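See structure below.
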Amino acid sequence: MEVRRTVQVKLSVTESDADLLHETIRQFRWAANYVVLNAENDDGYVETSKGKLNSRTYDDVRRETELHANLVQAARSRAADTLKSVVAKWKRGKNASLPYFSSPFLEYDKRSATFHDDHASLSTVDGRITADYVLPDEPGETPHSQYLLSDEYETTGATLHYRDATDEFYLHVRTKVDVDAPELRENGTVLGVDLGIENIAVTSTGVFWSASELDHWHREYEKRRASLQQCGSRYAHENMQAVGRKETGRFEQLLHRVSNELVSEAEERGCSHIAFEDLTDIRDRMPGAKRLHAWAFRRLFFYVEYKAEERGITVRQVNPANTSRRCSSCGFTHEDNRPSQDTFECLKCGYQNHADYNAAKNIGFRLLGKQTAGEGGAPVGVRLNTGMMNASGVTTAPDLVRAGVHGECHGR
């Protein structure tokens, strides 16, 4: 099994080498944007094939820039990948503009860069430069020691970023290692996970992770940004970018904690599968959701997916249609089953519970039904707070979680 990790490393370069990197970044962005400009055909179709885009643009880019051939191909690949994302949105009926690359970045692979323990040799428009790594004084258990400096992990490439606020270059180094794949669990038990605004995640076992901390810090950072924006000075602009980085770092730390606890919950409950709702267009489906929530949901899923994989647990996404309106007890579906944001009350059987918990069970049941429909060794039940719900909807033990009664849940 291939495990991939990315490590951010601050670089130390001379003033003359920094000038070369700036010029290389400028020409790299020009090349990527040139590929985008030449991707559209006369009939309006947008070409995404790397081979065809290369035929259209390679000679022109080599003639108009001083980029090494490998950097030209890297710019083309980055443009092609972004174009594919845009076309995919069009196919889903979403509005999206053709990309324009404006942020200062540059892609390196093992042909255009050489990576060492304490420095990297990077291609520029005028030969190679040496960029020293700025590493922690006490490495300890850091990503640098675990992946970048590890003899087990192989460095495959990197993305160079320039941070204007601090006038610093950072290399996001990509590493990988092949390890023995963990034996996949075959007991066929599903842990359903519902994502929401008030509770960032709720499981079918009744564990709640509140989004209050996420929302609190977002409001605080928004206030700070608004205050700095009114100043309008360069100092304020630099501080705004620093605030943004601090915000992202705090949120990622929170999401790592939630993902660790969520995977541990699945492991402790003996689950072989974790089911999430399909994250496509989740912001549009969820009233009141902000861009922050959509970003947090996707990041949480990514963390859970790779952490669960390391423990032999499979993570899947399922169609979320009506999971918030369906009664997890009798299956009756009606929009009035959910009279409020937190409450679920089935109009048919009278079942009452927290709406997010009810949805989490339905999400687990959706994967259960999908798997048992045609896969051998399929899941046999959805793990609940106490007991199991099988493919026929039969619960093997009482469901103790009730709306407004959280003492029986593992609220976090």
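The values are calculated or read from the model by the stated rules, or taken from the named source; none is laboratory data. Keep in mind it's a predicted model, so treat the numbers as computed, not measured. Glycine also receives a Cβ, built like all others from the backbone with ideal geometry; neighbour counts cover every protein chain displayed.
Couple of notes before you dig in:
- Residue match in segment 129-136 (condition: of a type in the set (F, W, Y), in a strand (DSSP E or B), at negative phi and touching a Pro at 6+ places or on another chain (Cβ under 7 Å)): no
- Scanning segment 259-298 for residues that are part of a helix (DSSP H, G or I), within 16 Å of the chain's Cα centre (by Cα) and surrounded by fewer than 21 Cβ atoms within 10 Å (Cβ to Cβ) returns N260, I282, R283, R291, L292, A294, W295, R298.
- Residues (over 17 Å from the mean Cα position of the chain (by Cα) and among the hydrophobic types (A, V, I, L, M, F, W, C)) located in segment 302-317: I313
- Count - residues of segment 84-101 that are within 12 Å of F28 (Cα to Cα) and more than 22 Å from the chain's Cα centre (by Cα): 0
- Output for segment 301-323, where each listed residue is assigned to a loop (DSSP other than H, G, I, E, B) and either surrounded by fewer than 20 Cβ atoms within 10 Å (Cβ to Cβ) or in contact (Cβ under 8 Å) with a residue 60 or more places away in the chain (or both): E310, R311, G312, I313, N319, A321, N322, T323
- Segment 4-25, subset in contact with a helix residue (DSSP H, G or I) (Cβ under 9 Å, 6 or more places away or on another chain) and either outside the structural domain of L148 (by TED's automatic domain parsing) or of a type outside the set (A, V, I, L, M, F, W, C) (or both), residue modelled with the highest pLDDT: T24
- Across segment 28-66, the number of residues qualifying as in contact (Cβ under 8 Å) with a residue 60 or more places away in the chain and among the polar types (S, T, N, Q) comes to 2.
- Condition broken by G192, with the remaining ones in (1) assigned to a strand (DSSP E or B); (2) modelled with pLDDT under 85; (3) not aliphatic (A, V, I, L, M) satisfied: (2)
- With respect to the conditions (1) over 28 Å from the mean Cα position of the chain (by Cα); (2) over 25 Å from L122 (Cα atoms); (3) of a type in the set (G, A, S), A69 lacks only one, and its number is (2).
- Subset of segment 188-202 that is among the β-branched types (V, I, T) and farther than 15 Å from S272 by Cβ - its residue that is surrounded by the fewest Cβ atoms within 10 Å (Cβ to Cβ): I197
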